[in-house]
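Below: one structure, written as structure tokens.
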Amino acid sequence: MISLEGPQTDILVPKTRHEPGRVGSSLSLSGSQRSEYADYFDFGEHHPDDIVEHLDVIDPQIATVATLTNAANAIAIPPLEWYSRKPVVVLPRGRRRRKSTKDEASAAEKGETGENDNNEEDNLDLHVEDVLRKRDRARRIMRGVWSFVKTPLGAITAIYGLLVVFWGTALVFFLARFINVHNDNTQNFWVEVCQQIETGLFSLPSIGLMPFRIVDTYRVFKIWWYKRKTEKLRCAAGLPELYDPNDLSDPLYDANYVPVLTEEEQIDLHYQQHMFMQSQTWYRPHGTQTHRAFPVDTAVWITVMNDLNSIFQCLLSGCMWGLNRFTRPAWTTAITLPGAFVAGIVAGVLIWWGGRKTKRVKEVTDRLMLILAMEPNAPSATDPGGPSAIVLSEKAHAPGRPAVGDTKTAGDGSRVLAARVASRPDSEPQRKDYADTTVGSAKGTPTIETPGMMAGESLPTPSVAIADEMFVPSAEQLDGKR
């Protein structure tokens with residue numbers, strides 16, 4: 001099995017005896033790149049590839065697992081360091097489509113056999129081709145649900161959800177007298193039993209996660225405040241609006257960074273984004289070639305719904321456990337119990353909607369279709385000199401992968417990025433989207449162009465002058481110093 005590590009989900013792909021296929025060789029980091037990035041990240045037995053991110057966009061199975069994981073992490077599972085909240089999905093072995101009679105005859109003339117051809121086909125290529133060819137969305141979604149439930153945290157979440165649904169349904173049946181014991185005292189007793197069990201189930205995540213939710217609320221409102229301040233400062237300075245207002249400029253990710261915040265504010269923004277992303281796995285502070293940045297306003301509403309879930313649950317617990325059932329007003333539980341339930345549901349729906357809105361489906365689909373159109377025996381991305389090798393442009397760095405050549409050594413020995421630049425008075429800052437990059441290749445190879453760009457055109461280098469340098473330490477270093 002080949003382990004592919006993603007930001008939200010890990011994927012295991014059945015290994016073949018041959019070299020990585022077209023998708024794996026075109027989207028994975030080369031060995032030399034991994035050795036360069038080893039100074040920043042401990043890869044272990046995983047490979048930090050863009051493959052998982054591409055599958056999250058096109059494959060409903062992987063997308064369903066990621067959505068359920070994000071919702072469970074936000075609503076029920078706390079972010080603790082002694083266990084991993086990322087599920088592992090095992091892709092099935094691909095079955096190659098049977099060739100037509102004409103293709104078989106042509107292969108026989110060349111001395112090729114079907115068995116040898118099957119052995120040479122990569123499982124990841126077959127899976128991607130099958131997803132693009134046969135959507136079959138309902139079946140893949142159910143397969144994703146089962147893949148999530150099979151994981152330890154998924155099983156715990158499923159059992160918890162079944163208990164909530166079972167006792168909630170029982171409560172409705174007793175209240176509506178669909179289940180009628182023909183005795184008011186006994187009927188009210190079972191209503192009380194159902195309410196007490198529901199209160200206990202809701203209290204586990206709602207009250208237990210309150211400390212984490214308070215911290216997350218503080219972080220997301222700081223991010224929102226920096227977003228508003230950045231917009232106002234750019235407007236006052238006569239700078240154009242950001243291409244994506246949710247993707248705030250950061251010198252660690254943006255080569256065209258134009259400073260508007262102070263150095264301390266920029267460091268604090270980077271720290272808050274990183275820590276909030278570690279706690280809430282659905283949040284993406286910056287755009288990539290597969291996803292846009294997560295909407296900040298939606299992130300605020302999600303945290304507010306989680307806070308309301310905790311507040312309603314505290315009120316419900318106080319009423320249920322502090323008042324006698326014979327003297328407790330009916331309106332207390334009639335308001336607090338549905339309020340806590342609806343707030344959690346709304347948070348989960350917003351997580352799904354925000355994640356769906358960030359996906360670049362068309363761009364990823366076109367890129368993968370072009371990769372699959374390559375010759376099966378084409379050289380991999382680690383050998384860009386081959387006639388059919390496709391390599392990602394070095395100008396496009398995914399979040400979390402800094403350009404090693406742009407780093408310097410700080411006073412404490414850590415390697416940080418020096419990238420504070422200011423725009424020349426007579427030039428306009430580059431406003432192209434982060435994902436509007438060209439997937440270039442060696443001579444004679446196909447090139448992926450983004451909409452709005454001329455054929456063969458690459459991203460222009462903006463006219464900038466280095467004003468001074470700003471060192472942005474990593475979030476781990478900032479956390480250690482605090």
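The values are calculated or read from the model by the stated rules, or taken from the named source; none is laboratory data. Since the model is a prediction, treat every value here as computed from it, not as a measurement. For neighbour counting, all protein chains shown are included, and Cβ atoms are generated from backbone atoms with ideal geometry for every residue, glycine included.
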Residue in the range 207-215 that is within 29 Å of Arg328 (Cβ to Cβ) and outside any helix (DSSP H, G or I) present:
yes
Restricting to the range 223-267, give me the number of residues that are touching a Phe, Trp or Tyr at 6+ places or on another chain (Cβ under 9 Å) and not in a loop (DSSP other than H, G, I, E, B).
5
When residues of the range 190-222 are limited to those that are aromatic (Phe, Trp, Tyr) and surrounded by 14 or more Cβ atoms within 10 Å (Cβ to Cβ), the one modelled with the lowest pLDDT:
Phe202
Residue list for the range 110-134, restricted to those being surrounded by fewer than 12 Cβ atoms within 10 Å (Cβ to Cβ) and modelled with pLDDT of 60 or more
Arg133, Lys134
Would the range 226-233 turn up any residue that is surrounded by 14 or more Cβ atoms within 10 Å (Cβ to Cβ) and either over 24 Å from Tyr283 (Cβ atoms) or under 23 Å from the mean Cα position of the chain (by Cα) (or both)?
yes
Residue list for the range 342-374, filter: assigned to a strand (DSSP E or B) and without any contact (Cβ under 8 Å) to a residue 12 or more places away in the chain:
none
Output yes when any residue across the range 80-95 is out of contact with any His (no Cβ under 9 Å at 6 or more places or on another chain), in a loop (DSSP other than H, G, I, E, B), at pLDDT below 65 and surrounded by fewer than 23 Cβ atoms within 10 Å (Cβ to Cβ), and no when none is.
yes
Within the range 289-311, identify whether any single residue is surrounded by fewer than 17 Cβ atoms within 10 Å (Cβ to Cβ), in a helix (DSSP H, G or I) and touching a strand residue (DSSP E or B) at 6+ places or on another chain (Cβ under 8 Å), and answer yes or no.
no
Across the range 324-341, the tally of residues that are polar (S, T, N, Q) and outside any helix (DSSP H, G or I) stands at 2
